[in-house]
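K.L.:
What follows is a structure written as structure tokens; I'll ask about it next.
The values are calculated or read from the model by the stated rules, or taken from the named source; none is laboratory data. What you are looking at is a predicted structure, and each value in this text was computed from that prediction instead of being measured. No Cβ is skipped: glycine too gets one built from the backbone with ideal geometry, and neighbour counts run over all protein chains shown. Calculation scope for accessible area: heavy atoms of the full protein, side chains included, ligands and nucleic acids excluded. Shrake-Rupley method; radii C 1.70, N 1.55, O 1.52, S 1.80 Å.
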Amino acid sequence: MNRYLDTIQHPWSREDIETAIFKKSLDALAAIEDTAGGKLWRSLHDLEDTIWIFETATTELLDEIRLFAERSKDGLFWIDTNSSACDLFIRTVKRKLFNCTHSLMALVDHARNFQKCTPINDYNDYQQTAFSVPGLHDFLQGLRNYNTHWRIAQAHWNISYNHLNKTREARFKVAKTELLLWKNWNTKALAYISQTPGSVDIYDVFTTYRKQVQDFYSWHRGMVLDTYAEILQPYFQYKRLYSGLQKKYHWNLIISHIPKKTNPYKHLSKYISNRDIELLLSFPHRSEAQVDALIHMLNMEDFCDENLRKKILALFLYIE
């Protein structure tokens, strides 16, 4: 691979990166992404994608259960002519339950691989603390295999009334007797199923487990950023330099093609937020202070050289 930056020792300077951009911009970016910090950051994003997929699948499942509970309050929902609607709800929840268990096990595998490549101290100890409900994780792992190799879990609606509070609850449950027909549960999963009175409540199971996932991976991300800061810092510095230099060339090009007597204020909404426009207008009109504030809003303080600043001033101050 013949990239300019690969021939330069670390740390790369601003001049190194600028030379690399002039030689071939995409090669410069690719070299930055191939640093140890770039690879680590990409791996962390891959893991976070898997977390997002699991959390999204769980949210969709829980929302579907809540939706059924709401719609089933209507007596017309239960008449024979609407039986297909109820059947569709059951199938939809089963599909989303299937998605949850599979995305969960993908998360487990990806997290295990990440820990092998990027180890974090106290990982196992905090994992046990976060996933504290005995047997819950093993049950969900078994449920994924149950769904894949046995049959889709035959969950059913359970509707109960609290006459004292005059409230009604619709829950989606899998009967314990049905789960135990499958003989491949491990010891911890069996213990979890056995302590459940009659049926496993799907809503409660995934509400609890999602909270544990959020707790654990919030801790894990913080530990990665802290533990590997020395590897990540040069990568983010290189990216900041690359991005800043590219913005400098971009703004030079834009301003060079704007006619001198164009009203610059008509372009502001393309590049900064309304809140920033309000802040910008709090500075003296068409002043150097206003121009400097704009440069700050565009995160260009370190990359706006004197030549570029003069061009912006000329645009705002009508300098020939």
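K.L.:
What helices (runs of 4 or more DSSP H) completely inside region 178-264 contain at least 3 residues that are surrounded by 18 or more Cβ atoms within 10 Å (Cβ to Cβ), under 32 Å from the mean Cα position of the chain (by Cα) and of a type in the set (A, V, I, L, M)?
P.N.:
Working: elements: 187-194, 202-227, 229-256.
Ranges flagged: 202-227, 229-256.
K.L.:
If the requirement is being among the aromatic types (F, W, Y), out of contact with any strand residue (DSSP E or B) (no Cβ under 8 Å at 6 or more places or on another chain), modelled with pLDDT under 85 and open to solvent by less than 60 Å² (accessible area, probe 1.4 Å), which of these qualifies: F77, F114, F68? Before the answer, list the steps.
P.N.:
Details: F114 fails: modelled with pLDDT under 85; F68 fails: out of contact with any strand residue (DSSP E or B) (no Cβ under 8 Å at 6 or more places or on another chain).
Going through F77, F114, F68 in turn, the sole match is F77.
K.L.:
Mind listing just one residue for me: the one in region 248-292 that is in contact (Cβ under 8 Å) with a residue 60 or more places away in the chain and charged (D, E, K, R) and, of those, nearest to E18 (Cα to Cα)?
P.N.:
K248
K.L.:
Next up: Among the residues of region 1-20, what is the count of those that are part of a helix (DSSP H, G or I) and surrounded by 15 or more Cβ atoms within 10 Å (Cβ to Cβ)? Let's see the steps before the verdict.
P.N.:
The first filter runs over region 1-20 and keeps only residues part of a helix (DSSP H, G or I), leaving 4-7, 14-20.
Pick out the ones that are also surrounded by 15 or more Cβ atoms within 10 Å (Cβ to Cβ) and you get 4-5, 14, 16-20.
Total meeting the criteria: 8.
K.L.:
Could you please tell me which pairs satisfy a Cβ distance under 8 Å, a separation of 6+ or placement on different chains, a first residue in region 21-36 that is open to solvent by less than 40 Å² (accessible area, probe 1.4 Å) and at pLDDT 95 or above, and a second residue that is of a type in the set (D, E) and part of a helix (DSSP H, G or I)?
P.N.:
So the pair list comes out as A31/D6.
K.L.:
Please count how many residues of region 236-266 are within 19 Å of E306 (Cα to Cα) and basic (K, R).
P.N.:
3
K.L.:
Considering region 265-287 alone, what residues qualify as being of a type in the set (D, E) and either touching a strand residue (DSSP E or B) at 6+ places or on another chain (Cβ under 9 Å) or loosely packed, with under 14 Cβ neighbours inside 10 Å (or both)?
P.N.:
Once the filter is applied, which keeps residues that are of a type in the set (D, E) and either touching a strand residue (DSSP E or B) at 6+ places or on another chain (Cβ under 9 Å) or loosely packed, with under 14 Cβ neighbours inside 10 Å (or both), region 265-287 yields only E278.
K.L.:
(1) farther than 28 Å from I231 by Cβ; (2) of a type outside the set (A, V, I, L, M); (3) in a helix (DSSP H, G or I); (4) at pLDDT below 95: which one isn't true of P134, the others all being true?
P.N.:
(3)
K.L.:
Please count how many residues of region 187-240 are within 16 Å of S132 (Cα to Cα) and of a type in the set (F, W, Y).
P.N.:
6
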